[in-house]
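The values are calculated or read from the model by the stated rules, or taken from the named source; none is laboratory data. Small disclaimer: the values here were computed from a predicted structure and weren't measured. With ideal geometry, Cβ positions are generated from the backbone for all residues, glycine too; neighbour counts draw on all protein chains shown. Protein only, heavy atoms only, side chains kept; ligands, DNA and RNA dropped before computing areas. Shrake-Rupley method; radii C 1.70, N 1.55, O 1.52, S 1.80 Å.
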Amino acid sequence: MRLYLMQHGKAHSGTTDAEKRLTEEGRAEVERMAAFLSRTAPAKRGKVLHSGKTRARETAEILAAADPNLDVAESPDLAPLDDPAIWAARAQEVGETVALVGHLPHLSRLTSLLLTGEAEPTVVRFTNGGMVCLERSVEGDWTLRWSVVPALLE
């Protein structure tokens, strides 16, 4: 089973946009990432789950628009300071393709926890619009399959 973890795209600052919607650059980077994902790892059926924040929802909607087999839904426990152990436990039970769109430091801590058993130190650096693909073995261990940042897709 594969788990895709994505930091939301670049967003406006809170001083220019209270909802912190994606910038045009952020939207373009996420669209490139969505096209890459749909070419390299098309889902047979799956979900894109996001935090309730506008920038994460917009990012998730762009991902799902590139692959008609993905459904979008808001999910709890994906906020920046949420406990990564909650999603680490859920990930062990997921049987379909799942992409989580969230924030730092949560995504970084979740990735470290899945790969090493500890939320600290950071083992993968996320960037806005960047994605990490983790793969779970039959035994339940997680490995890093790949990590892509938007600059690599230009």
Degrees between helix 106-116 axis and first principal axis of the chain (Cα, 0 to 90, nearest 10)
20 degrees
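Residue separation times 0.36 nm, minus the C-alpha to C-alpha distance between Leu81 and Leu144: what's the value? Write out the running numbers ahead of the final one.
Working: separation 63, 0.36 × 63 = 22.68 nm, distance 2.29 nm.
The Leu81-Leu144 span can extend by a further 20.4 nm.
Counting DSSP beta bridges in the chain, what percent are antiparallel, to the nearest 5?
Percentage antiparallel, nearest 5: 45.
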Compute the signed sum of charges (Lys and Arg +1, Asp and Glu -1) over the other residues within less than 11 Å, Cβ to Cβ, of Val94.
+2
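Over the range 97-154, what number does the Rg to Rh ratio reach, with both radii from the alpha-carbon atoms and Rh per Kirkwood?
Radius of gyration over Kirkwood radius for the range 97-154 works out to 0.96.
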Along Cα→Cβ, 7 Å out, is where each label goes; now give me the distance between the ones at Ala65 and Val94 in nm to one decimal.
2.2 nm
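Can you give the relative contact order of the range 69-135 as a percent, counting alpha carbon pairs under 8 Å and 6+ residues apart?
Numbers: 60 pairs, mean separation 18.3, N = 67.
It comes to 27 percent, rounded to a whole number.
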For the range 11-91, the accessible surface attributable to carbon and sulfur atoms (probe 1.4 angstrom, ligands and nucleic acids excluded) amounts in percent to 51 percent
Of the listed values [x] 12.6; [y] 9.0; [z] 8.4, identify the label whose number matches mean projected area of the Cα convex hull in nm² calculated from this model.
[z]
Value at 222 nm in deg cm²/dmol, rounded to 500, when DSSP H runs of n ≥ 4 in the chain each add -39,500 (n - 2.57)
-9500 deg cm²/dmol
Report the local net charge at Asn128: Lys and Arg +1, Asp and Glu -1, summed over other residues whose C-beta lies under 10 Å from its C-beta.
0
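Run through the range 1-66 and list the GluC sites (Glu not before Pro) located in a DSSP loop whose Cβ has at most 15 other Cβ atoms within 10 Å.
Working: sites: Glu19, Glu24, Glu25, Glu29, Glu31, Glu58, Glu61; in loops: Glu19.
Sparse-neighbourhood loop GluC sites (Glu not before Pro): Glu19.
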Virtual paramagnetic centre 7 Å along Cα→Cβ of Asp17, amide N under 11 Å, in the range 52-75
54-56, 58-59
Summed over the other residues with a beta carbon less than 10 angstrom from that of Ser112, with K and R at +1 and D and E at -1, the charge totals -1
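Report D for the range 51-141 in µm² per second (integer): Stokes-Einstein, Kirkwood Rh on Cα pairs, 25 °C, 0.890 mPa s. Walk me through the numbers on the way to the answer.
Numbers: Rh = 13.8 Å.
Using the Kirkwood radius from Cα pairs, D works out to 178 µm²/s.
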Nearest 10 degrees is fine. How inclined is helix 54-65 to the longest principal axis of the chain, computing both from alpha carbons?
70 degrees
Give me the extension gain from Arg39 to Glu24: residue separation times 0.36 nm, minus the current Cα-Cα distance, reported in nm with one decimal.
3.1 nm
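Give the calculated FRET efficiency between Ser137 and Ala73 to the nearest 0.05, with a Förster radius of 35 Å applied to their Cβ-Cβ distance. Please report the intermediate quantities before stating the final value.
Numbers: r = 27 Å, r/R0 = 0.76.
The pair Ser137/Ala73 has a calculated efficiency of 0.85.
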accessible surface per residue for the chain, probe 1.4 Å, DNA/RNA/ligands not counted, whole Å² -> 49 Å²
